Amino acid sequence: QVQLVESGGGLVQPGGSLRLSCAASGTIFSLNAMGWHRQAPGKQRELVTAITSGGITNYADSVKGRFTISRDNAKNTVILEMNSLKPEDTGVYYCYLYLRASATSPYSNYWGQGTQVTVSS
């Protein structure tokens, strides 16, 4: 059974930086896209960034130039580097991996448990 574990959230002042990590454990047959969503208080969950198996990235306009996504396929890990953080970046961040757990399984999204990021002075 595939499980995702996130780490790296916390409290940071505006202008600061945080690094989020998401590692998948269990049997993975094929790993495709990876990414991060976030949910701010009182708002819907939104896509922050994603990276394809070929390394192509996309970012929400609100984080372009400040956030960087990367992946380590050997470790089934996706990383989110967040710089120049703003109070509006506050929220719960969820990683996802789009993968096949076995040769007979379809591709599905697997989600992390969420990690809180709070940007406040």
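The values are calculated or read from the model by the stated rules, or taken from the named source; none is laboratory data. Values in this document were obtained by computation on a predicted structure and should not be read as measured data. Glycine gets a Cβ as well: all are built from the backbone with ideal geometry, and neighbour counts include every protein chain shown. Only protein heavy atoms, including side chains, enter the accessible area calculation; ligands, DNA and RNA are left aside. Shrake-Rupley method; radii C 1.70, N 1.55, O 1.52, S 1.80 Å.
Quick one: which residue in Pro87, Pro41 is at pLDDT below 95 and closer than 20 Å to Leu18 by Cβ?
It is Pro41.
Against the definition (in contact with a Gly (Cβ under 8 Å, 6 or more places away or on another chain) and open to solvent by 20 Å² or more (accessible area, probe 1.4 Å)), how does Val5 come out, yes or no?
Judged against the criteria, Val5 is a match.
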